[in-house]
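*Asks:* Pasting in a structure now, in structure tokens, and then I'll have a few things to ask.
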Amino acid sequence: MDFLSLFLMDFVKQLQSPTLGFLIGGMVIAALGSELVIPEAINQIIVFMLLMKIGLTGGQAIRNSNLTEMVLPAAFAVAVGILVVFIARYTLAKLPKVNTVDAIATGGLFGAVSGSTMAAALTLLEEQNMQYEAWAAALYPFMDIPALVTAIVVANIYLNHKKKRSAAGESLSKQEYLSKQPVAAGDYPNQEDYPSSRQEYLRKQQSADNRVKIWPIVKESLQGPALSAMLLGIALGLFTQPESVYKSFYDPLFRGLLSILMLVMGMEAWSRLGELRKVAQWYVVYSVVAPLVHGFIAFGLGMIAHYTTGFSLGGVVILAVIAASSSDISGPPTLRAGIPSANPSAYIGASTAIGTPIAIGLAIPLFLGLAQAIGGIGGS
């Protein structure tokens, strides 16, 4: 009973935080038809500065910490990123009127990480004075890249198998037709399958090579704006001495910039709701349930790290939150390039319109309250 009351009190308290208030405020003014617009250039600068701050914090912490402490949480982050894609492949993809490729792309986006959601979680942890490893933010790429790579590989394997089955069906039908036709001496029913020139031979060889190349996907993910900014911050924090600019510029501006970003995300979430009407309504159900399921899986793995290696409860919350989040910056363009046949209205609409508000408004206070209740009962 004490556990439940502690959890409920902390949960309600998180819902009253300014970070979540700005998100809800953005959705409300968008619903009321407000014409407020934050220029995209300003939004990009805000995202860059937030992720640079997170990266600098992580880089400085890694420089002063024992890297072996990161091994188990990083391994769990990789495992969750991959697992989320397969969960979507064998749950969402099996539901009525859901296209398999769209479901895999949706799983990839939900397995990838939202830098803004992570920033919101870090702010709430600080407001609640909950300790966490500063390097925990560096778990971002360990979950983000494997999820995107796995989604693109699985989708392309599925499409290649589908193409081969279709080609085999057409070939079988053709053979049945030719077997019924009279064949003159010297004629070969399948002679049109032979290339008539070297160029045609090379073209057929190239089209037959359906293997998915991993490195271009990883490279594109690393070059994405969100991950690039964060990795740059980690590198600068790790190999330089950025403490002065960090304390005088990035740290003081962090919360104010985050509040603006939350406002923008709330407005965008409301505007994206219309896109979900174009796809199966199962995406709505998935967008509500998946962030919490993914978060609970990561929370459970984080607790294993907590009891075996001393990983902090605040770190467990961060691991759970990045699992509950879905990429809103670098993920969509990576999936558009890697799975061009997938419908962006399905995976982007599901993520931005419902997944992100659920992750920020529900998952963060849920897992933070759960960790505080566990810490209050058993100590941290």
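*Asks:* Which one is most open to solvent (accessible area, probe 1.4 Å) among residues in region 23-39 that are under 13 Å from Ile260 (Cβ atoms) and free of Cβ contacts under 8 Å to residues at least 12 places away in the same chain?
*Replies:* The selected residue is Val37.
*Asks:* Is it fair to say Val113 is at pLDDT 90 or above and within 17 Å of Gly295 (Cα to Cα)? Even if it seems obvious, please write down each step before you answer.
*Replies:* Values: at pLDDT 90 or above: yes; within 17 Å of Gly295 (Cα to Cα): yes.
So Val113 fits the description; yes.
*Asks:* Please specify each residue of region 43-53 satisfying the condition of being in contact (Cβ under 8 Å) with a residue 40 or more places away in the chain and either open to solvent by 40 Å² or more (accessible area, probe 1.4 Å) or hydroxyl-bearing (Ser, Thr, Tyr) (or both).
*Replies:* Gln44, Phe48, listed by residue number.
*Asks:* Next question, about the same structure. Would you please name the residue that is nearest to Glu35 (Cα to Cα), looking only at residues in region 232-273 that are touching a helix residue (DSSP H, G or I) at 6+ places or on another chain (Cβ under 9 Å) and charged (D, E, K, R)?
*Replies:* Within region 232-273, the match that is nearest to Glu35 (Cα to Cα) is Glu268.
For every residue, the table says whether it meets (1) modelled with pLDDT of 90 or more; (2) under 21 Å from the mean Cα position of the chain (by Cα); (3) farther than 20 Å from Ser327 by Cβ.
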| position | (1), (2), (3) |
| --- | --- |
| Phe3 | no, no, yes |
| Asp10 | no, no, yes |
| Leu50 | no, yes, no |
| Gln60 | no, no, yes |
| Pro73 | yes, yes, no |
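*Asks:* Still on this structure: Of the numbered conditions (1) outside any helix (DSSP H, G or I); (2) at pLDDT 85 or above, Pro182 satisfies every one except a single condition; which is it?
*Replies:* Condition not satisfied by Pro182: (2).
*Asks:* Which condition from (1) closer than 24 Å to Val317 by Cβ; (2) without any contact (Cβ under 8 Å) to a residue 24 or more places away in the chain is the one that Ala136 breaks?
*Replies:* (2)
Residue-wise test of (1) modelled with pLDDT of 90 or more; (2) surrounded by fewer than 24 Cβ atoms within 10 Å (Cβ to Cβ); (3) closer than 25 Å to Tyr307 by Cα; (4) under 21 Å from the mean Cα position of the chain (by Cα).
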position: Gly55; (1), (2), (3), (4): no, no, no, yes
position: Ser65; (1), (2), (3), (4): no, yes, yes, no
position: Asn99; (1), (2), (3), (4): yes, yes, no, yes
position: Gln131; (1), (2), (3), (4): yes, yes, yes, no
position: Leu139; (1), (2), (3), (4): yes, no, yes, yes
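The values are calculated or read from the model by the stated rules, or taken from the named source; none is laboratory data. Please read all numbers here as calculations on a predicted model, not as lab measurements. FYI the Cβ positions are ideal-geometry reconstructions off the backbone, even for glycines, and counts take in every protein chain you see. Surface areas here come from the heavy atoms of the whole protein model, side chains and all, with no ligands, DNA or RNA. Shrake-Rupley method; radii C 1.70, N 1.55, O 1.52, S 1.80 Å.
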